[in-house]
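I have placed the structure first, in the form of structure tokens, so that the comments after it can refer back to it.
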Amino acid sequence: MRFVFVDRIVAVEPGRSIETLRNVSATEDVFADHFPGFPILPGALIVETLGQAAELLIGMSHDWTRVGRLGRLSRASFRHFVRPGDQLRVRCELRSSADPWVLAATADVDGRRVATATLEYALEAAHPGTDAAARAARLGALARELQRSPLELAARGVAP
């Protein structure tokens, strides 16, 4: 993952759901062009945020022995603009654990629903030496960092 759009894991129930946060900053490059004078977070980046939360849930649910590959996005709906300064609260809930995994994803800002989608993931075994294993290792390290409390991060000299 080149860009990380999850700033914090708030809660996770492996095999069931995950809740994450993303702080939308005015300094993000995308706002220079989308749109000058009225910056809006593109829907594609909201979907990527939903997808990253879903991938974290899949990996955590399988102890990083499996990773997910997005196979289908459906029922995507964008209801309100997401602007710099907003905090996206993303929730992904497992609807079906048969192959593919089907997740219902939502994004809210200040308790107001801004986006929803259904995501379907094929599961891939993370056998040693494979690309899937490398992805699982990166996602696992990211998950450990994103679950740290703000006080723990401050003690390490990292801004939350």
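So if we plug the beta-carbon distance of PHE38 and THR118 into 1/(1 + (r/R0)^6) with R0 = 35 Å, what FRET efficiency do we get, rounded to 0.05?
Computed FRET efficiency for PHE38 and THR118: 0.75.
Given the options PRO84, PRO100, PRO128, which has the most mean-square fluctuation in a GNM of the chain, springs set between C-alpha atoms less than 10 angstrom apart?
Its mean-square fluctuation being the largest, the pick is PRO128.
When the chain is fully extended, how far beyond the present Cα-Cα distance does ASN23 get from ALA125, taking 0.36 nm per residue of separation?
Values: separation 102, 0.36 × 102 = 36.72 nm, distance 3.17 nm.
Stretched out fully, the ASN23 to ALA125 stretch lengthens by 33.6 nm.
Determine ³J(HN,Hα), in whole Hz, for all residues of the range 97-110 in sequence, where each value follows from phi through the Karplus function 6.51 cos²θ - 1.76 cosθ + 1.60 and θ = phi - 60°; x replaces Gly and Pro.
Once θ is set to phi - 60°, the couplings for the range 97-110 become 9, 5, 6, x, 6, 10, 10, 9, 10, 9, 10, 10, 10, 6 Hz.
May I ask you to list the residues of the range 108-135 whose amide nitrogen lies under 20 Å from a point 7 Å from Cα along the Cα→beta-carbon direction of HIS80?
Correct set: 108-118.
In debye, nearest 20: dipole of the chain around its Cα centre with unit charges on the Cβ of K, R (+) and D, E (-)?
Values: 20 positive and 19 negative charges, 42 e Å.
So the dipole magnitude of the chain works out to roughly 200 debye.
Given the rule -39500 (n - 2.57) for each run of at least 4 DSSP H residues, summed and divided by the residues of the chain, what is its mean residue ellipticity at 222 nm, to the nearest 500 deg cm²/dmol?
Working: 3 runs with 41 residues, N = 160.
When only DSSP H runs of four or more count, the value is -8000 deg cm²/dmol.
From the phi angles alone, apply the Karplus equation (6.51, -1.76, 1.60; θ = phi - 60°) to the range 112-124 and give each ³J(HN,Hα) in whole Hz, x where the residue is Gly or Pro.
9, 5, 10, 7, 9, 6, 10, 10, 10, 10, 7, 8, 10
Taking one equal scatterer on every alpha-carbon of the range 15-147, how large is log10 of I(q)/I(0) by Debye at q = 0.15, 0.17, 0.22 1/Å?
-0.73, -0.90, -1.26
Coordinate-derived values only; no laboratory data. A quick note: this is a predicted structure, and the numbers were derived from the prediction, not measured. No Cβ is skipped: glycine too gets one built from the backbone with ideal geometry, and neighbour counts run over all protein chains shown.
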